[in-house]
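Let me begin by presenting the structure, written as structure tokens, before commenting on it.
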Amino acid sequence: MSGIFDLSGKTALVTGGNGGIGLGIARGLAGAGANIVVAARNQAKTDEAVAEIASLGVGALGVAMDVLDESSVAEGVSAAVSEFGVVEILVNNAGIGIRKPPQDYSLEEWQQVVGINLDGTFLCSREVYPLMKSAGGGKIINIGSMTSVFGSDWVAAYSASKGGVVQLTKSLAVAWAPDNIQVNSILPGWIHTDLTAPIRNQFTERYEYIRSRIPHGRWGEPDEMGGAAVFLASAASDYVTGVSLPVDGGYTSF
């Protein structure tokens, strides 16, 4: 049974893979045998992530990528292909959030969040599509959010963009199913990352309220996204597409 989860010889490109959930997923995929391409903007963090992943005994490459820049996306994917020959797995993880009431967003802030989170997912998926089609198939894993399915008072742009990610996931799944490309999304719950650190450190009452609402009784850790990613990247999910999988300790079920 374990063979259907084996990713040995596969190559996964993980955007925003140098920290937080992205790095947690990269570790999980590497643990299943996949070569990892970390695509991100912070080169120092990328170098550290690549060194860590390489220590797991798989191929590891860091590429500079701005997911809002078509040329940058194309160059990053090209570098991955030059190193490993093909990209069979794409994890669209790069994302940002700006916390404030919706009426206080500037148009520039709104467009920045929606651009990186939603447009970036589209651009990276579009770039790998012909590679996956010519290879006979592939796996695309988009990172949504709990806010893909319910609203939030202080991250309206983030919520809107992540709702869009889920609908884009479904649309790509339908469009690319004839090419044997499965497109799914993971909806992380409340996870300890740099993005959520201010809640824990500055808004302790809100942090504890959130914890009390999680049936598991605790926040999650980035590495706990790895199992879902391995499933969606492997042969185990060959007949699964267009699905959004919550990994949230039961938060969205409570």
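The values are calculated or read from the model by the stated rules, or taken from the named source; none is laboratory data. This one's a predicted model, so the numbers in the text were calculated from it and none came from an experiment. As a convention, Cβ positions derive from the backbone with ideal geometry for all residues, glycine included, and neighbour counts pool all protein chains shown. The accessibility values were calculated without ligands, DNA or RNA, using every heavy atom of the protein model including side chains. Shrake-Rupley method; radii C 1.70, N 1.55, O 1.52, S 1.80 Å.
Of all residue pairs spaced 6 or more apart or on separate chains, those with beta-carbon atoms under 8 Å, a first member in region 50-64 that is within 11 Å of Ala34 (Cβ to Cβ) and a second member that is acidic (Asp, Glu) and outside any loop (DSSP other than H, G, I, E, B) are Gly59/Glu83. Scanning region 65-95 for residues that are aliphatic (A, V, I, L, M) and without any contact (Cβ under 8 Å) to a residue 60 or more places away in the chain yields Met65, Val67, Leu68, Val73, Ala74, Ala79, Val81. Of the helices (runs of 4 or more DSSP H) contained entirely in region 126-222, those carrying at least 1 residues that are in contact (Cβ under 8 Å) with a residue 60 or more places away in the chain fall at 156-176, 197-202.
Just wondering, is there one or more residues in region 189-199 that are open to solvent by 80 Å² or more (accessible area, probe 1.4 Å) and within 18 Å of the chain's Cα centre (by Cα)? Yes, because at least one residue in region 189-199 is open to solvent by 80 Å² or more (accessible area, probe 1.4 Å) and within 18 Å of the chain's Cα centre (by Cα). Which members of region 79-109 meet the condition of being closer than 30 Å to Ala235 by Cα and exposed (fewer than 14 other Cβ atoms within 10 Å of the Cβ)? Hits for region 79-109 are Ser82, Gly85. Restricting Lys10, Lys45 to residues that are surrounded by fewer than 24 Cβ atoms within 10 Å (Cβ to Cβ) and closer than 25 Å to Gly97 by Cβ narrows the list to Lys45. Checked against (1) surrounded by 17 or more Cβ atoms within 10 Å (Cβ to Cβ); (2) within 19 Å of the chain's Cα centre (by Cα), Arg126 meets all criteria but (1). When residues in region 209-237 are screened for being surrounded by fewer than 19 Cβ atoms within 10 Å (Cβ to Cβ) and either touching an Asp or Glu at 6+ places or on another chain (Cβ under 6 Å) or not acidic (Asp, Glu) (or both), 13 of them pass.
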